[in-house]
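**Q** This is the structure I have questions about; it appears just below.
The values are calculated or read from the model by the stated rules, or taken from the named source; none is laboratory data. Please read these numbers as outputs of a predicted model, since none were measured by experiment. Glycine also receives a Cβ, built like all others from the backbone with ideal geometry; neighbour counts cover every protein chain displayed.
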Amino acid sequence: MSAGGHRLNLSAGLASVAVALVLVGLKFWALQETGALSVAASLADSALDLLVSMTGLMAIIYAARPADDDHRFGHTSAEDLAALGQALLLAGVAVFIGYGALGRLFSDVPPPLKNESAGILVMGLSIAITLALVLWQRRVIKRTGSKVIAADSLHYIADLIPNIGAVLALAVSSFWAVPQLDSIVAILAAIILLYGGFRIGGRAFDALMDRSASPETMARLAEIIEGWPGLYGYHDLKTRTAGSTLFVQVHIELDGAQSLHQAHDIGKALKREILQAYPQADVIIHKDLARDTDGL
């Protein structure tokens with residue numbers, strides 16, 4: 001990854017940690033004021049976000065290390081390991097919150113909420129801060145393709161729904177005293193977290209298992225290679241992902257009568273075109289003799 005891309009990822013990671021710290025403090029105060037389980041669910045999620053964001057930040061720093069004798073392909077898989085850990089934590093918190101919400105929902109006398117206006121104010125502020133962070137993360141992801149930041153951004157996007165739900169639960173409680181809505185919002189938040197955990201974990205697992213890039217990416221790569229001047233064909237197009245890096249390998253078939261310099265220029269130009277389409281790619285192009293030019 002380029003130095004500029006690493007700086008963008010690092011800025012998003014630092015912003016995520018800072019926002020998580022602020023949200024944990026605000027929501028802890030709101031929980032003390034209101035006693036709302038929906039706020040508790042949002043607090044637990046923000047506390048998890050803080051842990052996840054700190055882990056992600058360390059993964060971004062580690063993944064940026066250059067290749068060495070023990071890691072010939074670099075350290076970008078650290079991002080996938082961090083994302084898998086995030087997914088497991090998300091799933092665990094979702095189950096915990098859902099279990100507590102179900103118990104309160106079916107309780108004979110659900111505990112009443114209090115000081116709803118303070119809770120609404122804090123949750124509204126949390127929504128505004130979260131939106132600002134997500135917008136910055138979306139911009140960074142578009143530039144770098146970082147899985148860690150994408151996973152982190154998903155956490156905060158998922159936060160918006162329970163945060164809005166908590167505002168709704170507090171508002172309804174302040175006017176009509178319906179404490180059950182608080183538990184329902186917490187259950188919905190748990191479902192969102194569980195779904196997000198499965199999505200993040202699935203993508204990270206695929207990357208760690210060297211699964212090929214998406215069909216759309218494969219089709220785009222084939223389109224670029226097939227139409228390239230000087231090629232008689234290609235074979236063994238292989239891809240995998242590690243963190244935010246796309247690894248591409250392909251064998252191209254060239255005229256055996258041309259000079260090595262000409263063959264090199266064709267491969268170099270093709271690599272440049274692939275990198276223009278996928279800036280975060282690591283491209284290796286093998287040059288083979290075309291069957292109809294080598295007398296075989």
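**Q** Residues L170, L154, L131: which one is part of a helix (DSSP H, G or I), over 15 Å from the mean Cα position of the chain (by Cα) and either at pLDDT below 75 or at positive phi (or both)?
**A** L170
**Q** Looking at T239 and the list (1) within 30 Å of F205 (Cβ to Cβ); (2) modelled with pLDDT of 90 or more, which single condition is not satisfied?
**A** In the conditions (1) within 30 Å of F205 (Cβ to Cβ); (2) modelled with pLDDT of 90 or more, T239 misses (2) alone.
**Q** Take S53 and decide whether it is in the same structural domain as L102 (by TED's automatic domain parsing), buried (at least 24 other Cβ atoms within 10 Å of the Cβ), out of contact with any strand residue (DSSP E or B) (no Cβ under 8 Å at 6 or more places or on another chain) and modelled with pLDDT under 75.
**A** Taking the combined requirement at face value, the residue satisfies it.
**Q** May I ask you to list the residues in the range 240-270 that are buried (at least 17 other Cβ atoms within 10 Å of the Cβ) and part of a helix (DSSP H, G or I)?
**A** A263, I266, G267, L270
**Q** For the range 261-283, give me each residue that is of a type in the set (D, E) and touching a strand residue (DSSP E or B) at 6+ places or on another chain (Cβ under 6 Å).
**A** Scanning the range 261-283 gives a single hit, D282.
**Q** Next up: Working only within the range 157-167, note down all residues that are under 13 Å from the mean Cα position of the chain (by Cα) and modelled with pLDDT under 75.
**A** Taking the range 157-167 as the starting set, the residues that turn out to be under 13 Å from the mean Cα position of the chain (by Cα) are 157-158.
Selection gives A158 alone.
**Q** Here's another thing I want to ask about it. Go through the residues of the range 222-231 one by one and say whether even a single one is closer than 30 Å to I149 by Cα and loosely packed, with under 14 Cβ neighbours inside 10 Å.
**A** Looking through the range 222-231, at least one residue is closer than 30 Å to I149 by Cα and loosely packed, with under 14 Cβ neighbours inside 10 Å.
**Q** Among (1) of a type outside the set (A, V, I, L, M); (2) touching a residue at least 24 places away in the same chain (Cβ under 8 Å); (3) more than 22 Å from K142 (Cβ to Cβ), which single condition is E273 missing?
**A** (3) is the only condition that E273 fails.
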